[in-house]
Amino acid sequence: MNADRAALAEFLRARRAALQPEDVGMPVGARRRAAGLRREEVAQLTGMSVDYYTRLEQARGPQPSEQMLAALARALRLSADERDYLFRVAGHAAPDRIGAGTHVAPALLRVLDRLGDTPALILSSLGETLVANRMAVALFGDPTARTGLARSDVYRWFTDPAAQEVYPAEDRARNARALVANPRAAYGAQGERSRAGELVRELAARSPEFAQLWERHEVARRFEDHKTLIHPELGPIEVDCQVLFTEDQSQALLVLTAPPRTEGAEKLRLLSVLGPQRFAATDGAELSDEGVR
């Protein structure tokens, strides 16, 4: 499929002009001469160079990869129909909408953009972190370095013992059941040949614990209302969990908060200070990635 460079350029310019910095969680700043985002702001949101993005808007750049198009769709807050159009004019087939895709629902992104003082992340139905704010990165680490099935919290829980250390030992059995019940719902909706099916087959072969829990046939899309998380430097942090699902329940925005004037609230405050310090050395390489806000 050949790319329509002119149509791609026009579409990118139009979508950029339709957005304001506050629409994507960026400061407005001063001395803005024109409406809409600047090219350098779109480049920052996608992790590409300003020169590369400028060439796309001038219809003279190379054909963007599917990964780059996904980043653009996320940065420009495209709907599913707009994302499909973007892929097609760029010379690629539109992504399959069935399954655990990585196109983040714009409505969830708009909420996440406004959550800067508490950990928040958007998860797929398979437990993949699609987008995380800086507070969530400080609490859980950078999710964007993971690839393949390892992006899934479910997969890592049953294949990497270190993944369980974020929970107290007494809470791990309960969390394991919840982690199996969630992909069971996705498996039922997407079928055996989906990415959910791939995840289940791989885990059933590698983890006797997963295989045993899978046979319980528990089905749910749920998160604990209250949990304790173990931070390597701050220790246990008690948080409340609020979840906002998309209409089809394929994605969820998870927000972690603590009541005012509690030890948990104080530790989250410290986390907001500790986070940038911990990741300062890799800030350019990791925190500018499309998956971190």
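Every number here is computed from the coordinates shown, using simple stated rules; none is lab data. Worth saying up front: this structure is predicted, and the values here are computed from it rather than measured. As a convention, Cβ positions derive from the backbone with ideal geometry for all residues, glycine included, and neighbour counts pool all protein chains shown.
Taking region 48-76 and a reference point 7 angstrom along Cα→Cβ of Asn2, the backbone N atoms nearer than 17 Å belong to 59-64.
The angle between the Cα long axis of helix 80-89 and the main principal axis of the chain comes to about 50°, on a 0 to 90 degree scale.
Length gained on full extension, Arg193 to Leu274: 24.9 nm, using 0.36 nm per residue less the C-alpha separation. Note on region 168-230 and region 2-21: Cα centroid distance 40 Å, given to the nearest whole angstrom.
Full extension of the segment from Ala220 to Asp248, taken as 0.36 nm per residue of separation minus the current Cα-Cα distance, would add 8.7 nm. Using a/c under 1.5 as the rounded threshold, could you call region 94-190 rounded, prolate or oblate? The axes a ≥ b ≥ c are square roots of the C-alpha gyration tensor eigenvalues, and prolate needs a/b larger than b/c, oblate otherwise. Oblate is the answer for region 94-190, as a/c is 1.5 or above yet b/c matches or exceeds a/b. Rounded to the nearest 20, the Cβ-based charge dipole of the chain about its Cα centre (Lys and Arg +1, Asp and Glu -1) stands at 760 debye.
Between Arg31 and Glu82, residue separation times 0.36 nm minus the direct Cα-Cα distance comes to 15.3 nm. Would you mind classifying the chain by shape? Square roots of the alpha carbon gyration tensor eigenvalues, ordered a ≥ b ≥ c; an a/c under 1.5 is rounded, otherwise it is prolate if a/b is larger than b/c and oblate if not. Oblate is the answer for the chain, as a/c is 1.5 or above yet b/c matches or exceeds a/b. Using R₀ = 51 Å, calculate the FRET efficiency as 1/(1 + (r/R₀)^6) where r is the Cβ-Cβ separation of Arg174 and Tyr52; round to 0.05. Computed FRET efficiency for Arg174 and Tyr52: 0.65.
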